[in-house]
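The values are calculated or read from the model by the stated rules, or taken from the named source; none is laboratory data. It should be emphasised that the depicted structure is a prediction, and the values quoted were computed from it without experimental measurement. With ideal geometry, Cβ positions are generated from the backbone for all residues, glycine too; neighbour counts draw on all protein chains shown. The protein model used for the area step is the full one, side chains on, heavy atoms only, and it has no ligands, DNA or RNA in it. Shrake-Rupley method; radii C 1.70, N 1.55, O 1.52, S 1.80 Å.
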Amino acid sequence: MDAPLGDILRDAARQLAAVSESPRLDAELLLAHALGGTRSGLLSRLGDTVPCAAFPPLLARRMAHEPVAYILGTQEFFSLIFIVRPPMLIPRPETEHLVEAALARLANRPGGAPPARILDLCTGTGCVAVTLARHAPNTEVTATDLNPDAAALARENAALNNVPLRVLEGDLFAALPPNEPPFDAVLANPPYVETAEWDRLMPDIRLYEDPAALLAGEDGLDLIRRIIAEAPAHLAPGGLLALEIGETQYPAVAELLAAHGFRDIRAVKDLAGMDRIAVALRG
């Protein structure tokens, strides 16, 4: 493929418009990867003609709806880089609001307090846990996941980002050892997609990502119900519970939180104005 890089990009973006909501960005990321450089470096040399035999296979993968993150093997989240491997759930911008909710709560801790204990359930790649360990000083972060491959990947991402992280394998709170002290914050981006929605999801998700990391029963609340019911036993008084939820689920989630004694219940909206994070404090 010998043509000016700008021409290659324009042609690739034109093709990708059929399968992507961000065709130009996808083309830039894939071409930069094929050339072994950065996106900014690519954009500085669009007039160059460079042999790029590695690009067509990458373009073909994206045309088959394979997510860019899987093709590149990495995804940026909260300005950090995370390794991703199929079919592990890819870190998404909406989940950054979960981190922000925790950081806002931790910022109010008094000086001289002991390290805040944070638990991240359904950690997946570890993006939430690793980001908090990186950005929240004076914390001890634990992550759990039922999937041993996810637990291994979370450990790998903690090492990549040079942060301490305790990762435990198991089903939600059952992964914790007996007599575990209470946590100051429990966070989760659990599966919350309704089973009937699966066939309506984008092909990028449906064809490549793990259904077990997405689907949660008829109303999408199977895991959320369990987390809300079990969390009080593992939270310190006034401790934070923050959950990523589906865009229509907040009323039902708020009702569940109230029924289990949580207070100061509120929703955090994402950039699209949808109720994306349910936040509450243990009563």
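Annotations
- Meets criteria (within 20 Å of Leu168 (Cα to Cα), open to solvent by less than 40 Å² (accessible area, probe 1.4 Å) and under 15 Å from the mean Cα position of the chain (by Cα)) for Leu153: yes
- Here Lys269 passes the criteria (1) out of contact with any Pro (no Cβ under 8 Å at 6 or more places or on another chain); (2) more than 21 Å from Thr123 (Cα to Cα); (3) open to solvent by less than 60 Å² (accessible area, probe 1.4 Å) except the one numbered (3).
- Count - residues of the range 36-63 that are in contact (Cβ under 8 Å) with a residue 24 or more places away in the chain and either open to solvent by less than 60 Å² (accessible area, probe 1.4 Å) or more than 15 Å from Asp204 (Cα to Cα) (or both): 15
- Test: residue in the range 176-185 that is surrounded by 14 or more Cβ atoms within 10 Å (Cβ to Cβ) and part of a helix (DSSP H, G or I): no
- Residues that are in a loop (DSSP other than H, G, I, E, B) and over 12 Å from Pro4 (Cβ atoms), drawn from the range 31-50: Gly36, Gly37, Thr38, Ser44
- Residues within the range 156-175 that are out of contact with any helix residue (DSSP H, G or I) (no Cβ under 7 Å at 6 or more places or on another chain), open to solvent by 20 Å² or more (accessible area, probe 1.4 Å) and either touching a residue at least 24 places away in the same chain (Cβ under 8 Å) or farther than 22 Å from Leu235 by Cβ (or both), tallied: 6
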